[in-house]
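Below: one structure, written as structure tokens.
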Amino acid sequence: MTGVDADRIERAVRELLLAIGEDPERPGLERTPQRVAEAYADYFSGVGADPLAHLADTVASGDTAAGIPATSDAVVLRDLAFRSVCEHHLLPFVGTAHVAYLPGERLVGLGRIPAVIDTIASRPQLQERIAEEVADALVAGLDPRGVLVVIDAVHGCVTARGARQERSSTVTVASRGELAEPAARAEIIALIGSGRGA
């Protein structure tokens, strides 16, 4: 799935355990290097992967494969869970992405957008960059009239170290095209929020 060097990761984790004064051979830690290598293969599966590959199969707006009209003023996907790893401390962060686009001539299956997010998030990242890269991928892959990406995430580097703000989250927004206009962006953000508490 990914090109991580599991043996090298295991050696590095063993060295890290020694560096913090632990015994990598003690019960409970003897398989930790292997477990970390397996986890990293998953966490970083997006390194070198092209998120645009998920947008290759599109359908013309106005028609589905069955010839049924499929036009929409806006396509809004709410509450798309994701996880990533902060590139500054290699600590995880988890959150929710909300993605909207105004179709141009192409539509994509709804399951493709979470796949784009997962590919982009599965590499050492910054939350701000994820929002920007998802927006750019949708623009490049679908040529929509507008794109809006809102990400709300909780960061391990904020909750578990330093300030230890356990209840804080960070919200970032990336917008393109018609959805970069304040009124249009506000309308979509209201749609995203309208599902809360329902």
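Readers should treat all values here as calculations from the given coordinates under stated rules, not as data from a laboratory. Predicted model, so just to flag it, every value in this text is computed and none were measured. Methodologically, a virtual Cβ is constructed for each residue, glycine included, from the backbone with ideal geometry; neighbour enumeration extends over all protein chains shown.
List of remarks:
- For the pair Thr170 and Val76, a Förster radius of 22 Å applied to the C-beta separation gives a FRET efficiency near 0.55, rounded to the nearest 0.05.
- From its DSSP helices (H runs of at least four residues, each -39,500 (n - 2.57)), the chain gives a residue-normalised ellipticity at 222 nm of -10500 deg cm²/dmol.
- Here the chain is assigned +1 on the Cβ of each Lys and Arg and -1 on the Cβ of each Asp and Glu. Its dipole about the Cα centre then comes out at about 460 debye.
- Within the chain, DSSP assigns beta bridges of which about 95% are antiparallel (rounded to the nearest 5).
- [x] 0.95; [y] 1.00; [z] 1.07, with the label sought being that of the calculated Rg/Rh (Cα atoms, Kirkwood Rh): [z]
- Distance between the range 123-139 and the range 80-104 - C-alpha centres, whole angstrom: 8
- For the range 92-198: Kirkwood Rh in Å [reciprocal of mean 1/r, alpha carbons]: 14.7
- Per-residue HN-Hα couplings for the range 169-180 [Karplus 6.51, -1.76, 1.60; θ = phi - 60°; Hz; x = Gly/Pro]: 9, 10, 10, 10, 9, 10, 9, 9, x, 4, 7, 7
- Counting charges near Gly104 (Lys, Arg +1; Asp, Glu -1) among other residues having Cβ under 10 Å from its Cβ returns a value of 0.
- The ranking of Glu181, Glu133, Glu187, Glu25 from fewest to most other beta carbons within 10 Å of each one's beta carbon is Glu25, Glu181, Glu187, Glu133.
- Segments 26-38, 144-156 sorted - mean Cβ within 10 Å per residue, highest first: 144-156, 26-38
- Given charges at Cβ of Lys, Arg, Asp, Glu: the range 91-198 dipole, positive-most of Gly104, Ala183, Gln165: Gln165
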